[in-house]
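Asker: The following block contains the structure, expressed as structure tokens.
The values are calculated or read from the model by the stated rules, or taken from the named source; none is laboratory data. These numbers come from a predicted model, not from an experiment. FYI the Cβ positions are ideal-geometry reconstructions off the backbone, even for glycines, and counts take in every protein chain you see. Ligands, DNA and RNA are stripped out before the accessible areas are found, and what is left, the full protein with its side chains, is counted by its heavy atoms. Shrake-Rupley method; radii C 1.70, N 1.55, O 1.52, S 1.80 Å.
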Amino acid sequence: MAWFRAASSAARLAIKRNLVQSGSYVRRTRVIPLQDRCFHTTVFRSKAQSTAPVPRPVPLSRLTDSFLDGTSSVYLEELQRAWEADPNSVDESWDNFFRNFVGQAATSPGISGQTIQESMRLLLLVRAYQVNGHMKAKLDPLALEEREIPDDLDPALHGFTEADLDREFFLGVWRMSGFLSENRPVQTLRAILTRLEQAYCGSVGYEYMHIADREQCNWLRDKIETPTPRQYNQQRREVMLDRLMWSTQFENFLATKWTAAKRFGLEGGETLIPGMKEMFDRIADLGVESIVIGMSHRGRLNVLGNVVRKPLRQIFSEFSGGTKPVDEVGLYTGTGDVKYHLGTSYDRPTRGGNRIHLSLVANPSHLEAVDPVVVGKTRAKQYYSNDINRTKNLGVLIHGDGSFAGQGVVYETLHLSALPNYTTGGTIHIVVNNQVAFTTDPRSGRSSQYCTDVAKALNAPILHVNGDDLEAVVHVCELAAEWRQTFHSDVVVDIVCYRRFGHNEIDEPSFTQPQMYKVIRNHPSALEIYKNKLLESGQITQKDIDRMQNKVNNILNEEFISSKDYVPKRRDWLSAYWSGFKSPEQISRVRNTGVKPEILKNVGNAITTLPDSFKPHRAVKKIFEQRAQMIETEEGIDWAVGEALAFATLLVEGNHVRLSGQDVERGTFSHRHAVIHDQETGQQYCPLDHVLLNQNEEMFTVSNSSLSEFGVLGFELGYSMENPNSLVLWEAQFGDFANGAQVIFDQFLSSGEAKWLRQTGLVVLLPHGYDGQGPEHSSARLERFLQMSDDNPYVIPEMDQTLRKQIQECNWQIVNVTTPANYFHVLRRQIHREFRKPLIVMSPKNLLRHKECKSNLSEFDDVKGHPGFDKQGTRFKRLIKDQNNHSNLEEGIRRLVLCSGKVYYELDEERKKASANDVAICRVEQLCPFPYDLIQRELKRYPNAEIVWCQEEPMNMGAYNYIAPRLSTAMRALGRGSMEDIKYVGRSHPLPLPLASTSCT
């Protein structure tokens, strides 16, 4: 039907033009007010029926075979003559057309008068239903809005009259699915229209003709147009009714027991629950074993209780205030969160006899922020379960109509779907379309007709369904499951429903939607509608319904009674992979991060060696030659090699390493070169993929991401949450770009453990430093991350190494590292500990190639006596003391300068120039949590020194406002003064100042 795609637009215009010129068709001029351009979803009809529409009278005598005027008509005639002379002289699609309508029409009884033009018009009419039939579908359960039915759904526009309804037409035999593929090439126009109305204009509106792939379109056409209607047997309908009862009575029960509580119930959209359960049953039959679910608050408790199978007594206990577990050692309960933000995971049986693991990811109030987290977690599950075909693990996202259209992270997540290192083989999106967002009507909330239009960018099919029609909802949910498993791409189910109450149960919606809520107050529930349908069909009796309702109510009451004594028995945040990891209340042993010298040598050779036949860029070749020299001489290890050694040694130890972000393969500053390109063939080579023999190609993953911060950081956060034995890193192109993902930092990374008891060891690399590149690319906004740190600035915690829980009790770690070796150790520390904590790294720019910013290989190993080895072994140094070999007591030092980051090298250079031997400079490598013990060690070492904090940022930025009160606390404990005794040196205005000389003179 390629000819149809190419010619339909021109042909349609020609039809309209000729019919208007002939006077047989008067175009109806309609003016649609601007405020009505965005409709809910309802089509206006004069008669609510799904039979063939009666076309407006257009005399056949007024239509001639020359309706395709000018060039189009001549073109068609020339094509026909050419085909008659030689069928191979025309395109295959036209050959197919002429074989159908010229070769067959003459021999088919009753249709000998059918012309090519009529055949063209008939196919245009069929296509009009396939493209725009959804505009006529009965989607809105409230029937509030009137939508304009497209003109091309009117048979009269295509030149047909009422007299043609019982006339037989030859449709042809086509290589496509749907009813055009049936072996009934001759049908009456009435039968054709009736079939089209039933297929495209019922309770489901299908949008799929925007998909370019013919196979996918044919698959959908076959599902939509085949005459087998959705017929469910009595047993199946009883199951659906039971599930709808659970969904409805669960909300009613909560409303009765907790009348004033916010629960963001599902009333008006109750068919979501049986729809999801039927979807999960079907997709489990098709091979899915695990589903990760993300959703906002609307209906979340219902999904938790009825779909995920969280114990009802636990939900009811949480409504009543709940109790905390009392039988666990080192219990950590965090700050908690409201009920409708919490997540959980359970295994549930399916109707087909399978078991499927369901996990609902905890989420904040930011409606769509959880989307990329779910997709990332799904991708991680696929990696750890060796789900190469991506058919066993699935992500399901439940959206609201306002947020799906309005939140940019929705598109940021959607466009990850086909990227090689981010795809999950398709996500199923379910939109609970309340037709209002809080108090905002669709006409104010989006510019598109449907809230789902953004998904067309992905060529995803969109299935709109009337939320009051339970069987239609079940049908599209099962269809979505089949699509995902067949084509491994995204699909959208748009359940058009309503919100029986306001934004929450104590909100008054009539303030802003009075007409809508006047209708809603008198509108029957989906359960009432379906019960009446089954009663009328005789498939079920009132006695059966009463029995089922009593059973549900009895179980709800029993669970409510049991909830009063319910005590949680375990922390469900500890999945199998996380078994044995410590909570913030449990002491975790500090581990060394040094590596045996022979291992360092071996991996060092692997990451600096390229295949003999590989032709890298000559500058890159030189870089790798220099790196090989570093490993050979064991000296001058730079930043990129230090990082690569950290990755390689973790791989050797069996850990998964994943690094993503914008331009990370080469590195923004052309320093990493993790992926090298052959200059002749374009072939790529990643040295870190060849550290181990027969290494899994995904064991080390480095991937350039799309130009997205919010979506990609959320993805990596979700990825990191699945398994603790992985080092997952996200690098910003420049540190200040991190604010594009501020929601992830605020709502997840800095607070997720306290709110939801979820640990993550995600590493965030933020290039930071004032290097003359202007205000936009200088600061990673270090001060913002420090301001979000939750350690107490006025209390020194327990710092004894055997009792210290400082990092565990803090919400995250923030470092500003100054040596490749220390960077190596801080990355390895993320894995070599018994808990996980986010790590924010202010990564350098000019230190990447700074002549002084080098480390010797001996600083990476675990050999006693080597430079990196201290009393406990080789590990990350939270503070690097002055490098002038000072003793434990230096009374002659008059100034102690504390600093962090690259400013150290500028200070040290200035000190050497000034021969300021009475100035000591210490580097605070770990800013948060604050290293009180090491700071006090240095304060004791220099008892007579004035204390200076030096930074390259202005006073209102950088670390000063975080450091000052904590430094003051450390000083006060030693009797060394207070806040007033701390001297500040840094930028006071935008122009560069001679910081180094100020601090060192």
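Asker: Being on the phi > 0 side of the Ramachandran plot, surrounded by fewer than 20 Cβ atoms within 10 Å (Cβ to Cβ) and not β-branched (V, I, T), is that true of even one residue in the stretch 286-295?
Answerer: So the first thing to find is which residues in the stretch 286-295 are on the phi > 0 side of the Ramachandran plot, and the list is 287.
Those left that are additionally surrounded by fewer than 20 Cβ atoms within 10 Å (Cβ to Cβ): 287.
Then drop every residue that is not not β-branched (V, I, T), which leaves 287.
Scanning the stretch 286-295, I find at least one residue that is on the phi > 0 side of the Ramachandran plot, surrounded by fewer than 20 Cβ atoms within 10 Å (Cβ to Cβ) and not β-branched (V, I, T), so the answer is yes.
Asker: Please go through the stretch 242-294 and give me each residue that is under 17 Å from H503 (Cβ atoms) and in contact with a Lys or Arg (Cβ under 6 Å, 6 or more places away or on another chain), ordered by number.
Answerer: L254, F264, E267, G268
Asker: In addition: Looking only at the stretch 654-665, which residues are within 14 Å of L688 (Cβ to Cβ) and part of a loop (DSSP other than H, G, I, E, B)?
Answerer: N655, V664, E665 - these are the residues of the stretch 654-665 that are within 14 Å of L688 (Cβ to Cβ) and part of a loop (DSSP other than H, G, I, E, B).
Asker: Also, quick follow-up: Every residue in the stretch 153-163 that is on the phi < 0 side of the Ramachandran plot and either assigned to a loop (DSSP other than H, G, I, E, B) or surrounded by 20 or more Cβ atoms within 10 Å (Cβ to Cβ) (or both), please.
Answerer: Matches in the stretch 153-163: L153, D154, P155, L157, H158, F160, T161.
Asker: Any idea which residue in the stretch 453-470 is nearest to N433 (Cα to Cα), counting only those that are under 17 Å from the mean Cα position of the chain (by Cα) and either surrounded by 24 or more Cβ atoms within 10 Å (Cβ to Cβ) or aromatic (F, W, Y) (or both)?
Answerer: My answer is A455.
Asker: Would you confirm, using the coordinates I've provided, whether E536 is over 22 Å from N302 (Cβ atoms) and open to solvent by 40 Å² or more (accessible area, probe 1.4 Å)?
Answerer: yes
Asker: I want to confirm something. Restricting to the stretch 685-725 and keeping residues that are aromatic (F, W, Y) and either touching a His at 6+ places or on another chain (Cβ under 6 Å) or modelled with pLDDT of 95 or more (or both), which single residue is farthest from E753 (Cα to Cα)? Steps first, answer last, please.
Answerer: First, pick out the residues of the stretch 685-725 that are aromatic (F, W, Y): 685, 700, 710, 715, 719.
After this cut, where a residue has to be either touching a His at 6+ places or on another chain (Cβ under 6 Å) or modelled with pLDDT of 95 or more (or both) as well, the list is 685, 700, 715, 719.
On the way: Y685: 38, F700: 27, F715: 17, Y719: 16 Å.
Restricting to residues being aromatic (F, W, Y) and either touching a His at 6+ places or on another chain (Cβ under 6 Å) or modelled with pLDDT of 95 or more (or both), the top hit is Y685.
Asker: Something else: Just name the residue that is least open to solvent (accessible area, probe 1.4 Å) out of those in the stretch 980-996 that are at pLDDT below 85 and out of contact with any Leu (no Cβ under 6 Å at 6 or more places or on another chain).
Answerer: Out of the qualifying residues, it is L995.
Asker: Which residue pairs have Cβ atoms under 7 Å apart, sit 6 or more places apart or on different chains, and have a first residue in the stretch 136-163 that is over 30 Å from R499 (Cβ atoms) and a second that is modelled with pLDDT of 90 or more and open to solvent by 10 Å² or more (accessible area, probe 1.4 Å)?
Answerer: D152/N132; L153/N132; L153/K136; L157/D151
Asker: Now a separate question. Restricting to the stretch 428-453, name every residue that is in a helix (DSSP H, G or I) and more than 19 Å from Q216 (Cβ to Cβ).
Answerer: Within the stretch 428-453, P442, R443, S444, G445 meet the criteria.
Asker: Here is a further query. Being among the polar types (S, T, N, Q) and in contact (Cβ under 8 Å) with a residue 24 or more places away in the chain is the filter; apply it to the stretch 383-410 and report the residue that is farthest from D441 (Cα to Cα).
Answerer: Checking each candidate, the answer is S385.
Asker: In this structure, does E909 turn out to be farther than 20 Å from Y960 by Cα, open to solvent by 10 Å² or more (accessible area, probe 1.4 Å) and touching a Phe, Trp or Tyr at 6+ places or on another chain (Cβ under 6 Å)?
Answerer: no
Asker: Now for a different question. Quick check on G958: is it crowded, with 18+ Cβ neighbours inside 10 Å and not in a helix (DSSP H, G or I)?
Answerer: yes
Asker: Tell me yes or no: at least one residue of the stretch 729-737 is assigned to a loop (DSSP other than H, G, I, E, B), open to solvent by less than 10 Å² (accessible area, probe 1.4 Å) and at negative phi.
Answerer: The answer is yes, given that some residue of the stretch 729-737 is assigned to a loop (DSSP other than H, G, I, E, B), open to solvent by less than 10 Å² (accessible area, probe 1.4 Å) and at negative phi.
Asker: Would you confirm whether or not the stretch 834-847 contains a residue that is over 26 Å from S670 (Cα atoms), open to solvent by 10 Å² or more (accessible area, probe 1.4 Å) and not in a strand (DSSP E or B)?
Answerer: Yes, the conditions are met somewhere in the stretch 834-847.
Asker: Can you tell me which of (1) part of a loop (DSSP other than H, G, I, E, B); (2) touching a residue at least 60 places away in the same chain (Cβ under 8 Å); (3) touching a strand residue (DSSP E or B) at 6+ places or on another chain (Cβ under 7 Å) is the one I893 doesn't meet?
Answerer: For I893, the exception is condition (2).
Asker: I631 is checked against (1) in a helix (DSSP H, G or I); (2) open to solvent by less than 40 Å² (accessible area, probe 1.4 Å); (3) over 28 Å from H850 (Cβ atoms) and fails just one. What number does that condition carry?
Answerer: (3) is the only condition that I631 fails.
Asker: I'd like the residue in the stretch 666-697 that is touching a Pro at 6+ places or on another chain (Cβ under 8 Å) and not in a loop (DSSP other than H, G, I, E, B) and, out of all such residues, is surrounded by the fewest Cβ atoms within 10 Å (Cβ to Cβ).
Answerer: Y685
Asker: Quick test of your reading of the structure: S177 fulfils all but one of (1) modelled with pLDDT of 85 or more; (2) within 36 Å of the chain's Cα centre (by Cα); (3) farther than 29 Å from C497 by Cβ. Name the failing condition by number.
Answerer: Condition not satisfied by S177: (1).
Asker: Condition first: under 24 Å from P584 (Cα atoms) and aromatic (F, W, Y). Now tell me which residues in the stretch 733-753 satisfy that.
Answerer: Across the stretch 733-753, the qualifying residues are F745, F748.
Asker: Any residue at all in the stretch 481-489 that is modelled with pLDDT under 95 and outside any strand (DSSP E or B)?
Answerer: no
Asker: Run G594 past the list (1) crowded, with 18+ Cβ neighbours inside 10 Å; (2) closer than 30 Å to R309 by Cβ; (3) in contact with a Gly (Cβ under 7 Å, 6 or more places away or on another chain) and report the number of the one that doesn't hold.
Answerer: Among (1) crowded, with 18+ Cβ neighbours inside 10 Å; (2) closer than 30 Å to R309 by Cβ; (3) in contact with a Gly (Cβ under 7 Å, 6 or more places away or on another chain), the lone unmet condition for G594 is (2).
Asker: Right, next: Test S858 against the stated conditions and say whether it is in a loop (DSSP other than H, G, I, E, B) and either small (G, A, S) or at pLDDT 90 or above (or both).
Answerer: No.
Asker: Got a number for residues in the stretch 698-719 being over 14 Å from the mean Cα position of the chain (by Cα) and surrounded by fewer than 24 Cβ atoms within 10 Å (Cβ to Cβ)?
Answerer: Total satisfying the criteria: 7.
Asker: For the stretch 484-505, name all the residues that are within 17 Å of W219 (Cβ to Cβ) and not basic (K, R).
Answerer: Once the filter is applied, which keeps residues that are within 17 Å of W219 (Cβ to Cβ) and not basic (K, R), the stretch 484-505 yields Q485, T486, F487, H488, S489, D490, V491, V492, V493.
Asker: At least 1 residues that are modelled with pLDDT of 90 or more, open to solvent by 30 Å² or more (accessible area, probe 1.4 Å) and among the hydrophobic types (A, V, I, L, M, F, W, C) in each: list the helices (runs of 4 or more DSSP H) lying fully within the stretch 181-263 that qualify.
Answerer: On the way: elements: 189-200, 214-225, 234-257.
Correct list: 214-225, 234-257.
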